[in-house]
1. Could you check segment B:26-48 and list, in sequence order, the residues that are in contact with a strand residue (DSSP E or B) (Cβ under 6 Å, 6 or more places away or on another chain) and surrounded by fewer than 23 Cβ atoms within 10 Å (Cβ to Cβ)?
2. Could you list, in sequence order, the residues of segment A:318-345 that are facing chain B (nearest Cβ under 9 Å) and touching a strand residue (DSSP E or B) at 6+ places or on another chain (Cβ under 7 Å)?
3. How about segment B:164-185: which of its residues are in a helix (DSSP H, G or I) and surrounded by fewer than 18 Cβ atoms within 10 Å (Cβ to Cβ)?
4. Name the residues in segment A:300-317 that are more than 12 Å from chain B (Cβ to nearest Cβ), among the hydroxyl-bearing types (Ser, Thr, Tyr) and open to solvent by less than 20 Å² (accessible area, probe 1.4 Å), would you?
5. Being closer than 30 Å to residue A:370 by Cα, β-branched (Val, Ile, Thr) and surrounded by fewer than 23 Cβ atoms within 10 Å (Cβ to Cβ) is the filter here, so list the residues in segment A:7-54 that pass it.
6. Just to confirm my filter: which helices (runs of 4 or more DSSP H) fall fully inside segment B:53-163 and include at least 2 residues that are touching a residue at least 12 places away in the same chain (Cβ under 8 Å) and within 14 Å of chain A (Cβ to nearest Cβ)?
7. Taking the residues in segment B:20-38 that are touching a helix residue (DSSP H, G or I) at 6+ places or on another chain (Cβ under 7 Å) and within 11 Å of chain A (Cβ to nearest Cβ) as candidates, determine which candidate is modelled with the highest pLDDT.
8. For residue B:94, all conditions in the list (1) at pLDDT 95 or above; (2) closer than 25 Å to residue B:188 by Cβ hold save one; what is the number of the exception?
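The values are calculated or read from the model by the stated rules, or taken from the named source; none is laboratory data. These numbers were taken from a predicted model, which means no experiment stands behind them. Every residue, glycine as well, gets a Cβ built from its backbone with ideal geometry; the counts of neighbours run over all protein chains shown. The area values use the complete protein model at the heavy-atom level, side chains included, leaving out ligands, DNA and RNA. Shrake-Rupley method; radii C 1.70, N 1.55, O 1.52, S 1.80 Å.
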Amino acid sequence: MTFPDDQPLVLDSGQTLAPLTLAFETYGSLNADKSNAIVICHALTLDQHVASNNPLTGKPGWWNSMVGPGNIIDTDRFFVICVNVVGGCGGSTGPASINPATGKPWGTDFPVITIHDMVRAQVMLIDHLGIDQLFAVIGGSMGGMQVLAWAVDYPTRVHAAIPIATSYYHSAQNIAFHEVGRQAVMADPDWRGGDYYDAGLDGGPRKGLAVARMAAHITYLSEAALTRKFGRSLQDREKVTYGFDADFQVESYLRHQGITFVDRFDANAYLYITRAMDYFDLAADHNGHLASAFEGVQTRFCVISFTSDWLYSTAEARTIVKALNAAGGNVSFVEIESDKGHDAFLLDEPEMIATLNGFLDARARDCGLPTSAATPNIGVDG
Amino acid sequence: MSPSTDRNDRIRVDLELIAQMIPDGARVLDVGCGDGALLSHLADEKHADARGIEISQAGVNACVRKGLSVVQGDADTDLVDYPSDGFDIVVLSQTLQATHRPATVLAEMLRIGKHAIVSFPNFGHWLVRWKLLTNGRMPETGKLVHSWHSTPNIHLCTLRDFEILATSLGFQVDEAIGVMGDGKAKPITPGSALANLRAEQAIYKLTKV
């Protein structure tokens, strides 16, 4: 949907964005008292197609196994909303959108956005739908940052918050990896200062963006997962070729990740969204005290981390939990044993599914909503 | 170092006795909550705002699956993160003897909560004394199942020891119950030498003086 010009998105930078277009998907139906809505926040390179085929790639939704009728996030009971982040390239206003002042794509004239801006845009949509309080906000990685921002910025509007595999701030190492990615994009001559949209679908900084994706993808996997998957295995050959072909399977895999990524993602959007993540620091927003961010919070939290996630580690999740405890908040915290690295949150980790199910059922009971007992086909023991 | 291995049927008695000391609707923190048996009971039967800390990840996950508010943490190190007077009651069941610094843990419990409820095995029980006397070896009883070199119970104490520590920290005993060898619960008068012989385990409710 597109909001009228007199309803601009007010950004943290002080700038405003109008008209604001938000691309979103909904699943299930809103109940009469509008109390069963769940917002799912997507990660950096994902989109609003959480449980429906992505029209661009034809692939099933990125959390198809979690969201749907009879699934853990049961669309027979909940009204699920997933919004493409502002600044992205899935249909919401972003750097590839037309700048009304020039009639041409924004490119790098697009204002810098923040995680809080992404959430503020989602609030506009929730307001438009007439929803006062969300039953839950759920998200992994950058989606988890949005979950935290939701609870901190709009504490009365979120009953339950589930930040998964995420952090309350971007560390120097997080920023460093993102900067490598951005520099790879900007070093590609086809980036042309961000003004590449007239070059067609095959134009733009495809090589740079692919390299950015390759570097980032390493951070989503654990060393153990890479070793298990590839080790030093060679790609379709008996021995090394003494050249720079993709001799190793891991090289071939990463190249494939890079090449397929550029077909579905806008390079400038990648710059803007990684910047938004780098700027995220909930503690700094509250004089360096993370606990102050959660002062008086009524939202019930379920924080989930994975043992082998070195991008947003358990230590960072634990800092969030400690701050919530210090603020007298109500928090559950589970660290899930997995060697699959950061991307474990996208996979069917049985322990994560059981945790989500237990937590959502308990919160549904709080709110007088139906629980999963009414959905006997959920494959969860206990 | 989870004390859950010591949790057999006998402990059910201790959890029930603890629950009886907790008023309806209380804000309760269970330190070392295991698989959440007490928390579930308190939430369901006492309408308590019940939360927990548990050191073993398996225990935490089991609790959260049940919908309980539990975080992974260590009684010795993580109580400092909780604000003062945030709870009505802080519970430590069968965990005190496994902590590194029992005095600090007790003091933290009564900083965080108005009351503390602590249950522990009594090392002054007659059978323990008898076994040490007759065998000349560290006693292993129904309650104390580990050999001396592998036990998580590094700070065992008697009722008398506990009472003296509580007093020295400036806490008063509101209520004390002993569980005798036959499984029966009896009120304990602090300072009673007989109770210190007969109680296999004990539950104390403490308050700041």
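1. Selection gives B:26, B:27, B:43.
2. A:321, A:324, A:325, A:330, A:331, A:332, A:333, A:334, A:335, A:336
3. Residues of segment B:164-185 in a helix (DSSP H, G or I): B:164-168.
Listed by number, the residues that qualify are B:164, B:165, B:167, B:168.
4. Correct list: A:312 only.
5. Result: A:26, single match.
6. On the way: elements: B:57-65, B:75-78, B:102-112, B:126-135.
Correct list: B:57-65, B:75-78, B:102-112.
7. Of segment B:20-38, the ones touching a helix residue (DSSP H, G or I) at 6+ places or on another chain (Cβ under 7 Å) are B:22, B:28-38.
Filter once more, keeping what is within 11 Å of chain A (Cβ to nearest Cβ): B:29, B:35-36.
Working: B:29: 97, B:35: 93, B:36: 94.
Looking at residues that are touching a helix residue (DSSP H, G or I) at 6+ places or on another chain (Cβ under 7 Å) and within 11 Å of chain A (Cβ to nearest Cβ), I get B:29.
8. Condition not satisfied by residue B:94: (1).
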